[in-house]
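Read the figures in this text as sums done on the coordinates, not as results from a lab. Every value quoted in this text rests on a predicted model; they were computed, and no experiment measured them. Every residue, glycine as well, gets a Cβ built from its backbone with ideal geometry; the counts of neighbours run over all protein chains shown.
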């Protein structure tokens, strides 16, 4: 009997709802192709320390709806060195793990995948990050769930802001991009959205609040992207200038948790299957993406060099309707 091809799967960087759905899809799609699947724990760290386990159809049962990642995740500084890459390649060869690795994570994780591919271990990246800040794809696993979590929390904050005639400055995640902030801002009817992509004036925001206050509006929601930060200082300035009691709330890592949404489960499953199809053909150095609603793949370097446009029209729409 011909030896089974062995592939690995790992999750790297920040966790995102839907990562488990992707692990499940990779595992089951591979088993259908008569492959053996190794789950690599704690990201690239597990590849260096040989912290791995064999996955089968039962070990990935009932994980499609779980948040976080059953493989755990971490960032690995050693893997950024030539010595770290060489050690990982050596470990892969010793284990017979030469069929390739599916890497679920962000841009930093994909750079590691490219380095491994160039050393003879074919890798395919699946975009998993709540920030949706990977340029080669319209959508990343975890993004929809994070936005829905933020919307739910902002709605709750609005209840208490309305009860006390307050202004609430809410900071959402998005260190490198304002996609969560602008979508949540529109969905929650925020008075203003502050992101790094669009220049803002706190002076004009305060003038707007005062103007709206004169029309009878008594509570206000302002969304701030993590990449801008300074939510506490913004809240203090608004209160000092308007006399309106103003509170800052940083939602933080609660946005990473929870059961993944339908969209995250479906997209993760589709991307996981495509990744296995590529490795089955011996194709590596690829990253999976979503374009015009279709699953596509790119050379990793090509994907990393792409640029992603911020939806300024959506940002303007929020401002137009906030009165």
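Overall form of segment 187-318: prolate. Here a/c, set by the Cα gyration tensor axes a ≥ b ≥ c, is 1.5 or more, and a/b is the larger of a/b and b/c.
For segment 140-216, averaging the sequence separation of C-alpha pairs within contact (under 8 Å, six or more residues apart) and dividing by the residue count gives a relative contact order of 24 percent.
Against the main long axis of the alpha-carbon atoms of the chain, helix 202-214 sits at an angle near 50°. Taking 0.36 nm per residue of sequence separation and removing the Cα-Cα distance, the residue 164/residue 296 pair yields an extension gain of 42.6 nm.
Using the alpha-carbon positions of the chain, Rg (one decimal) and Dmax (whole number) come out as 22.1, 80 Å. In this rough spin-label picture, where each label sits 7 Å from Cα along the Cβ direction, the residue 201-residue 281 distance is 5.4 nm. One Cα centroid belongs to segment 98-161, the other to segment 241-274; the line between them spans 12 Å.
Based on DSSP H segments of at least four residues, each scored -39500 (n - 2.57), the chain has a per-residue ellipticity at 222 nm of -13500 deg cm²/dmol. Note: relative contact order over the chain, using C-alpha pairs below 8 Å and six or more positions apart, is 23 percent. Length gained on full extension, residue 34 to residue 263: 79.6 nm, using 0.36 nm per residue less the C-alpha separation. Peptide packing: for 293-302, 97-106, the average count of neighbouring Cβ atoms within 10 Å per residue gives the ranking 97-106, 293-302, highest mean first.
Look at the Cα gyration tensor of segment 133-214: its axes a ≥ b ≥ c give a/c of at least 1.5 with a/b at or below b/c, and that counts as oblate. Highest-first packing order for the peptide set 48-57, 271-280 is 271-280, 48-57, based on the mean count of other beta carbon atoms within 10 Å. Taking the C-alpha atoms only, the angle from helix 82-95 to the longest principal axis of the chain is near 50 degrees.
Taking a ≥ b ≥ c as the square roots of the eigenvalues of the Cα gyration tensor, an a/c ratio of 1.5 or more together with a/b no larger than b/c marks segment 5-85 as oblate. Compared with the dominant principal axis of the Cα atoms in the chain, helix 143-164 is inclined by about 20°.
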